[in-house]
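A short write-up of the structure that comes next.
The values are calculated or read from the model by the stated rules, or taken from the named source; none is laboratory data. Quick caveat, the model's predicted, so the values are computed rather than measured. Note that each Cβ is placed from the backbone with ideal geometry, even for glycine, and that neighbours are counted across all protein chains shown.
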Amino acid sequence: MSVAAVTLTGYVALEPKLWFTKQAQTPVVNLRVGTTPRRMDASTGEWKDGPTSFFTVNCWRKLALNVSASLHKGDPVIIRGQLRMRSWSDNGKARSMVEIEAESVGHDVAYGFSHFMRGIHPSVLAAPEGSALAAALAELGERRDNPATEQGSTELASGPDPLGGGRNDDSAGIPDGELASDGVPF
C-alpha cells in the first residue's frame, strides 16, 4: 500500500477551533495553514515571495485537543501527515479536495522558541463535568483527577515549571541580563 506522506511548514492562517463529531463525540480540529515560498531574484539580489498556498489540516483525538490548546493564528508550524482526497456532491456537481491528515504538529522553532509540556493542557483538564470535552477525555483514557494537577495546580508532578514557574512572558526561563533591548534572547 502506498502512502502519500507529506511534511508542511507554514503559518496557522485561522485560529484553530475544537469541535466534536456528532455520533462518537470525537475531538477534531481543522487547521488552515498558509505557506509562501521565497526565492532569490538573481538579477536584483532581493528575496521575492511566490504565491501563497493554503492547506486544510485535520487533527483528530488527543492531537486535536493538544493543537487547540497550543496553537494560535500566526504561529509558525511544522506538520507531518498524509495526503487524503475528500470527494462530495454539491447540487449534483462532483467536488473534491486534497487535505492533510496530521500525525504530528508542532511549533517551528526556527522562528522562535516554544515551551513543551507533556500531557494534557491544564485548560483542557478543567472541562466541565458532562461536557463533550470531558466525555472525549474519558474516552481517551485521561483522568480528571490527574496526579499531575493537584487541586487546580498547573505544576507537573515532577516539580515546578523549569522555564520560569509558569510565567507567560517572552523572557520565561532566561536569566536577567540575557535579553537584548528588543526582548529577544542572545
Worksheet item: Pick from segment 13-38 the residues that are in contact with a Gly (Cβ under 6 Å, 6 or more places away or on another chain) and outside any loop (DSSP other than H, G, I, E, B): which of them is nearest to GLU103 (Cα to Cα)?
Response: VAL33
Practice prompt. Identify all residues within segment 51-75 that are surrounded by fewer than 17 Cβ atoms within 10 Å (Cβ to Cβ) and assigned to a strand (DSSP E or B); write none if there are none.
Written response: SER53, PHE54, THR56, TRP60
Worksheet item: Does any residue of segment 109-130 turn out to be modelled with pLDDT under 90, more than 22 Å from ASN58 (Cα to Cα) and in contact with a helix residue (DSSP H, G or I) (Cβ under 7 Å, 6 or more places away or on another chain)?
Response: yes
Worksheet item: In this structure, does ARG95 turn out to be among the basic types (Lys, Arg), touching a residue at least 12 places away in the same chain (Cβ under 8 Å) and surrounded by 10 or more Cβ atoms within 10 Å (Cβ to Cβ)?
Response: no
